[in-house]
Amino acid sequence: MAAGSGHEPPGYVLDFADEMDGTELDTSIWNKWFEAWNIRILDGNADKGLKVGDEDVLFKNRTVAQWLRSATRTPGPYMHDMSDGTLKMRTYALPKWLERGFGYPYLASMISTEDSYALHHGYWEVRFRINRFGTGYHAAIWLLPDNETWPPEIDLFEIVGTDRRIYANGKPVGDHEELGVPGLSWVDGDALLNDWMTVGFLWTEDIMRWTINGETVREHAAFAMERPLYFITSWEVGGQWSGPPDRTTPWPGEIEIDYVRAWRPGEEAGAGVSD
């Protein structure tokens, strides 16, 4: 398995890793839409980016890849491009003639371990960079309970439109103010968004800690979450937070992921966790 990054807590044991070194996304690990919920968009957010993979056949017995090849006149892969040791996750704007068939104006990629892996207390970490982003986009790296309830929710990373902020958040069950949980946290992303970054989330019985490149950006007492959490990276397009794309929006949008890893507490875990 992969070596540690140096950001994981002492005594923790690597429990899950995808280094994105293959030529195709491992579908024994990753789902490409919210299959357990049986949805392809986050309608509550007014999301208009249909979650698909290249091989999906959604209408007229043609795959997404075949339709995008006709629309873009460019070679695939399109939604999930595994190459050169990374995963490129993309968005596409559909021409009107194709939008009618798909039922939404945009296609958006996501990956999820909802059927393969979840972690109760431990440390999640992702190394990635934002390659193309702009107005109308909302990208997130987040965690949800493995029994498909909501809330709670953990947001390791969110970026919306062109405001250049990096957001981190935790949504408990119940009122966050009554529970003593801070509201939405953010840091200025100007010095971070043009290069590779590593985001992490540590969850122990006592604390929750969010980090970027090993530096703490949010920390507070742990709120109750009874179930293990599974991992998601997702695009939304044209939602209520981001607003619609405009003529400046770059297409396709692209996030590039180097790895996703998770560590569980080992017998020697604990040293340095509460510092």
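The values are calculated or read from the model by the stated rules, or taken from the named source; none is laboratory data. Just so it is clear, the model here is predicted, and its values are computed rather than measured. FYI the Cβ positions are ideal-geometry reconstructions off the backbone, even for glycines, and counts take in every protein chain you see.
For the reader, a short list of remarks on this structure follows.
- If the condition is being buried (at least 16 other Cβ atoms within 10 Å of the Cβ), within 19 Å of E226 (Cα to Cα) and β-branched (V, I, T), then segment 132-155 contributes only I154.
- Taking each residue of segment 197-208 that is of a type in the set (D, E) and looking for partners that are modelled with pLDDT of 95 or more and in a strand (DSSP E or B) with beta-carbon atoms closer than 7 Å, six or more apart or interchain, yields D206/A221.
- Of all residues in segment 221-246, those satisfying the criterion of being in a strand (DSSP E or B), under 19 Å from I141 (Cβ atoms) and not charged (D, E, K, R) are L229, Y230, F231, I232, T233, S234, W235, V237.
- Selected residue (criterion: nearest to G103 (Cα to Cα)) from residues of segment 27-57 that are hydrophobic (A, V, I, L, M, F, W, C) and crowded, with 16+ Cβ neighbours inside 10 Å: L50
- Enumeration of residues in segment 5-26 that are among the small types (G, A, S) and surrounded by 13 or more Cβ atoms within 10 Å (Cβ to Cβ): S5, G11, A17
- Scanning segment 245-275 for residues that are at pLDDT below 95 and hydrophobic (A, V, I, L, M, F, W, C) turns up A269, A271, V273.
- Cross-chain or 6+ apart pairs with Cβ under 8 Å, segment 94-107 first and in contact (Cβ under 8 Å) with a residue 12 or more places away in the chain, then surrounded by fewer than 17 Cβ atoms within 10 Å (Cβ to Cβ) and of a type in the set (F, W, Y): G101/F59; F102/F59
- Condition broken by Y117, with the remaining ones in (1) free of Cβ contacts under 8 Å to residues at least 60 places away in the same chain; (2) under 16 Å from the mean Cα position of the chain (by Cα); (3) farther than 24 Å from S242 by Cβ satisfied: (1)
- Among residues of segment 31-90, those that are free of Cβ contacts under 8 Å to residues at least 12 places away in the same chain, over 22 Å from I255 (Cβ atoms), assigned to a loop (DSSP other than H, G, I, E, B) and of a type outside the set (S, T, N, Q), counted: 1
- All of L25, L42 fail the test of being at pLDDT 95 or above and under 22 Å from E256 (Cβ atoms), apart from L25.
- Restricting segment 156-191 to residues that are closer than 20 Å to G243 by Cα and of a type in the set (D, E), the residue that is surrounded by the most Cβ atoms within 10 Å (Cβ to Cβ): E158
- Matching option when the condition is farther than 23 Å from W124 by Cα and basic (K, R), among R40, R90: R40
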